[in-house]
1. Can you confirm whether residue 281 is crowded, with 24+ Cβ neighbours inside 10 Å and modelled with pLDDT under 85?
2. Answer yes if at least one residue in region 169-176 is in contact with a strand residue (DSSP E or B) (Cβ under 9 Å, 6 or more places away or on another chain), surrounded by fewer than 24 Cβ atoms within 10 Å (Cβ to Cβ) and not in a helix (DSSP H, G or I), and no otherwise.
3. Against the conditions (1) farther than 20 Å from residue 161 by Cβ; (2) modelled with pLDDT of 85 or more; (3) out of contact with any helix residue (DSSP H, G or I) (no Cβ under 9 Å at 6 or more places or on another chain), where does residue 87 fall short? Just the number, please.
4. Collect the residues in region 475-504 that are in contact with a helix residue (DSSP H, G or I) (Cβ under 7 Å, 6 or more places away or on another chain), more than 15 Å from residue 434 (Cα to Cα) and surrounded by fewer than 22 Cβ atoms within 10 Å (Cβ to Cβ), keeping them in residue-number order.
5. Can you name every residue in region 177-199 that is more than 19 Å from residue 633 (Cα to Cα) and either modelled with pLDDT of 90 or more or buried (at least 19 other Cβ atoms within 10 Å of the Cβ) (or both)?
6. Can you tell me how many residues within region 639-683 are crowded, with 24+ Cβ neighbours inside 10 Å and assigned to a loop (DSSP other than H, G, I, E, B)?
């Protein structure tokens with residue numbers, strides 16, 4: 001380590017130059033990384049809805065519709081002209097309307113009153129035409145902009161692709177807005193807690209350059225999710241700023257007796273074990289996300305894990321070089337610490353520790369049970385409620401009613417079986433109508449008498465496509481119960497079948513949550529327990545530390561249950577590991593200090609000294625991390641990001657409370673057990 005430290009210090013200008021060049025290149029590369037806003041792309045390939053979409057794309061003429069467009073006050077011929085214009089928009093892969101169901105010749109030659117009214121009114125009603133369009137994934141923003149130019153303000157568009165485009169428009173500036181709120185708070189906290197006006201700039205430069213490099217290295221993946229794009233920079237700053245604080249604090253201490261170069265060598269040697277242990281717990285929490293079947297977990301987990309490792313490297317390589325180049329400026333800008341030292345807090349907390357411990361023990365079981373019963377949301381439908389998308393959706397539903405389209409794919413066998421299936425499905429409560437070959441053309445009519453464009457809408461080489469119009473919301477108990485009923489009925493006719501549609505996608509997500517949640521939490525807890533076991537060489541201490549943070553997590557995640565407010569399942573899954581990995585450091589710092597003090601003091605005196613000397617450090621770290629969460633909550637228009645930010649901010653403060661008030665009581669209460677079950681702890 002000494003040789004490495006001396007090499008960094010000797011070649012500090014070269015180190016600085018290399019990092020700056022890499023940062024510039026990373027900035028350029030980051031601009032080429034695309035952002036994926038489509039949650040469906042992160043479902044496993046073997047999920048039923050994913051397979052269904054893949055079959056539709058590969059075997060059928062029209063893709064799975066992603067939007068509905070209503071053209072007001074048009075004739076049949078005018079509607080057909082609009083349909084043709086829609087097909088010319090870049091990114092639109094298919095447009096479906098009434099002519100695709102009954103055939104263009106029939107539509108143009110047969111008066112409407114002689115056509116099946118139930119079918120016609122799904123597409124044309126009161127001189128309003130309702131079309132379905134498919135938009136190529138990744139091109140929603142540009143395509144929807146052109147769509148709006150074509151249809152103007154008088155017509156309406158809604159659907160998953162329209163919502164996705166609106167999300168992209170809203171999130172372009174979200175990271176910048178969050179940083180504009182977070183950075184002043186972080187700078188203020190650092191100014192108050194440090195003794196030089198230059199030190200905050202050192203911290204932010206060291207972590208900032210790691211963030212830029214992390215974003216640039218995403219080029220190896222080609223794209224990242226909008227969750228990672230928005231959350232990752234904020235979380236990386238918040239969870240790894242401690243590393244820089246640890247190093248500079250150690251450097252300042254050694255400078256009291258050593259010249260700057262020697263002080264930095266000693267500081268790097270002293271800080272590596274502490275920072276490595278802190279980074280390890282955070283990395284394990286993020287790595288646990290990679291075991292989610294839902295691909296968003298792996299996307300975010302890899303991004304954050306990579307970010308923490310880059311922050312560690314930056315703090316241990318870039319920051320020493322930068323600090324030694326600026327130490328004179330640091331000295332010249334010294335000021336007295338503005339933050340209280342909390343020296344008297346140890347006595348106060350020791351006095352009130354028992355009530356806090358009793359309170360924690362009382363609420364731990366109810367909050368554990370409550371957080372397991374929290375209701376989840378899986379979609380993004382409420383994101384655009386106050387935008388044009390929300391207004392257009394209401395207009396379309398006013399004219400054509402609420403419509404939630406599902407596509408059922410069954411093997412292409414005989415039309416008689418298919419007709420029986422469709423007849424049974426029509427009796428389901430929430431199915432408004434069914435569009436299929438046997439319903440709309442006739443099971444008895446041979447293929448050669450049916451226009452190709454109509455036949456190809458329903459049959460591919462291997463599958464039959466049945467379109468089900470339901471009156472449920474995209475995401476509610478009725479929608480999920482309807483999907484289960486459709487699957488149960490279809491299972492009686494065919495050995496295999498698949499359902500596509502927004503509700504089908506959300507249904508698959510719902511079924512993964514419980515499995516993902518248990519697995520991710522188990523991996524995170526076991527991994528962090530092992531790190532704590534190796535760090536403290538104790539059997540009992542990891543249980544105590546994990547109990548404190550897990551209790552804070554359970555309290556945090558039980559709030560939505562007690563307030564009867566569903567949360568997005570991604571926030572629930574992610575915060576369980578992020579809060580554990582990011583805030584267990586507070587408990588490690590407290591416990592390490594307590595064990596050192598116990599070598600010369602009694603349990604109460606050791607804890608009193610531990611609180612007095614370490615409360616400022618964990619308070620500073622917690623305020624920064626909580627501010628990062630609340631900044632996301634305040635600035636994001638995306639409820640997934642906003643909820644995640646709120647959970648992070650609230651969870652950090654709860655972890656701080658547990659470590660500051662409950663952990664001291666547990667460490668003192670179980671001191672005798674800790675001494676017996678911990679190696680190399682001397683009185």
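The values are calculated or read from the model by the stated rules, or taken from the named source; none is laboratory data. Please read all numbers here as calculations on a predicted model, not as lab measurements. Here Cβ is always computed from backbone atoms with ideal geometry, including for glycine, and neighbour counts include all displayed protein chains.
1. Values: crowded, with 24+ Cβ neighbours inside 10 Å: yes; modelled with pLDDT under 85: yes.
So residue 281 fits the description; yes.
2. Narrowing region 169-176 to residues in contact with a strand residue (DSSP E or B) (Cβ under 9 Å, 6 or more places away or on another chain): 171.
If we keep only those that are surrounded by fewer than 24 Cβ atoms within 10 Å (Cβ to Cβ) as well, we get 171.
In the following step, the residues that additionally are not in a helix (DSSP H, G or I) were identified as none.
Scanning region 169-176 turns up no residue that is in contact with a strand residue (DSSP E or B) (Cβ under 9 Å, 6 or more places away or on another chain), surrounded by fewer than 24 Cβ atoms within 10 Å (Cβ to Cβ) and not in a helix (DSSP H, G or I).
3. It fails just one condition, (1).
4. The first filter runs over region 475-504 and keeps only residues in contact with a helix residue (DSSP H, G or I) (Cβ under 7 Å, 6 or more places away or on another chain), leaving 475, 479-480, 483, 486, 489-490, 493, 497-500, 502-504.
From what is left, the residues that are more than 15 Å from residue 434 (Cα to Cα) are 475, 479-480, 493, 497-498, 502-504.
Once the filter is applied, which keeps residues that are in contact with a helix residue (DSSP H, G or I) (Cβ under 7 Å, 6 or more places away or on another chain), more than 15 Å from residue 434 (Cα to Cα) and surrounded by fewer than 22 Cβ atoms within 10 Å (Cβ to Cβ), region 475-504 yields 480, 493, 497.
5. So in region 177-199, the residues more than 19 Å from residue 633 (Cα to Cα) come out as 187-199.
Hits for region 177-199 are 189, 190, 193, 194, 196, 199.
6. Looking only at that region, the number is 0.
Residues checked against (1) outside any helix (DSSP H, G or I); (2) farther than 30 Å from residue 366 by Cα; (3) in the same structural domain as residue 662 (by TED's automatic domain parsing); (4) within 26 Å of the chain's Cα centre (by Cα):
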position	(1), (2), (3), (4)
464	yes, yes, no, no
479	no, yes, no, yes
485	no, yes, no, no
489	no, yes, no, no
493	yes, yes, no, no
521	no, no, no, yes
532	no, no, no, no
544	no, no, yes, no
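Yes/no per residue for (1) at pLDDT below 85; (2) farther than 25 Å from residue 587 by Cα; (3) outside the structural domain of residue 611 (by TED's automatic domain parsing):
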residue	(1), (2), (3)
250	yes, no, yes
277	yes, no, yes
305	no, no, yes
318	no, yes, yes
326	no, yes, yes
